[in-house]
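What follows is a short report on a single structure.
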Amino acid sequence: MRYLVLLLFSITGFSQSKPIELKIDSIQTYNTDDGSREFTLQYHITNLTDKPISFVLDATNAISIGGGSLRPNPYYKVYENEASIEVNGIFTGKGKTRHFKDEAAYNTYRDSLMNYIKSRTPEQLSQIRKESFLENIQKLEPKETKNFKAILVWDKTRYHKNDVIEYYIEEKEKHYLELHINLMAEELLQNFTEEEKKEVLHDKTLTKGWFTSNKIAIDLGE
């Protein structure tokens, strides 16, 4: 019995020691002129400790939890009722097309951008990745909260297939969305020299770990 008490105490102590809180505050829904539905997620990250912390997070957009665990973005996970569903590709960044004349203009811009990226030399790409790492360092003072937002766009397609996985989004069921962040350091330093790695990792405020938000309802009905 004594060992059970010690085990429970250790688990409780560990769960209370998490350094940050990740929480979705709201989801605003907007039906676009092209028949899509745009969701704006408002979420925040709070430093729960009494010390400054820093971490690497690219908050410019959220990606599917199946989109790669070594990308420093927030990941979204979708539930139908209580079960998570594989929805890689259900949401896109098409909301950005509203800043262009039409979809064709956006696609032209996107293709030009991709061609530009592909034309970069390995040295240039390495430098770009270094700069991206440094630009994505977030800093929080003790008990400080930072607010973020992410835009997800759904074209209302219900049937999806990823390789051998097929799924259909039921229009009359309840759906929820959850965010995850995987805070990393060493894994993102492949383009740095050994000296540069030591300099970055010398920062004792650098926080790592996997953190999960609350679930919040999202409208995937008609």
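The values are calculated or read from the model by the stated rules, or taken from the named source; none is laboratory data. A quick note: this is a predicted structure, and the numbers were derived from the prediction, not measured. Cβ placement follows ideal geometry from the backbone for every residue including glycine, while neighbour counts extend to all protein chains displayed.
Pick from segment 30-62 the residues that are touching a strand residue (DSSP E or B) at 6+ places or on another chain (Cβ under 6 Å) and small (Gly, Ala, Ser): which of them is nearest to Leu134 (Cα to Cα)?
Filtering segment 30-62 for residues that are touching a strand residue (DSSP E or B) at 6+ places or on another chain (Cβ under 6 Å) and small (Gly, Ala, Ser), the one nearest to Leu134 (Cα to Cα) comes out as Ser54.
Among the residues of segment 179-222, which ones are of a type outside the set (A, V, I, L, M, F, W, C), touching a strand residue (DSSP E or B) at 6+ places or on another chain (Cβ under 7 Å) and either within 27 Å of Pro142 (Cβ to Cβ) or modelled with pLDDT under 90 (or both)?
Answer for segment 179-222, where residues must be of a type outside the set (A, V, I, L, M, F, W, C), touching a strand residue (DSSP E or B) at 6+ places or on another chain (Cβ under 7 Å) and either within 27 Å of Pro142 (Cβ to Cβ) or modelled with pLDDT under 90 (or both): His180, Asn182, Asp203, Thr205, Thr207, Lys208, Gly209, Thr212, Ser213, Asn214.
Have a look at Thr157, Thr212 and point out the one that is surrounded by fewer than 18 Cβ atoms within 10 Å (Cβ to Cβ), of a type in the set (S, T, N, Q) and either part of a strand (DSSP E or B) or within 20 Å of the chain's Cα centre (by Cα) (or both).
Of Thr157, Thr212, the one residue that is surrounded by fewer than 18 Cβ atoms within 10 Å (Cβ to Cβ), of a type in the set (S, T, N, Q) and either part of a strand (DSSP E or B) or within 20 Å of the chain's Cα centre (by Cα) (or both) is Thr212.
Just name the residue that is farthest from Ser132 (Cα to Cα) out of those in segment 163-201 that are of a type in the set (Phe, Trp, Tyr) and over 23 Å from the mean Cα position of the chain (by Cα). Give the derivation first.
First pass over segment 163-201, keeping only residues of a type in the set (Phe, Trp, Tyr): 167-168, 176, 192.
Narrowing the set further to residues that are over 23 Å from the mean Cα position of the chain (by Cα) leaves 168, 192.
On the way: Tyr168: 36, Phe192: 12 Å.
Looking at residues that are of a type in the set (Phe, Trp, Tyr) and over 23 Å from the mean Cα position of the chain (by Cα), I get Tyr168.
When you check Thr97 against the structure, is it within 17 Å of Asp155 (Cβ to Cβ) and modelled with pLDDT of 75 or more, yes or no?
Answer is no for this residue.
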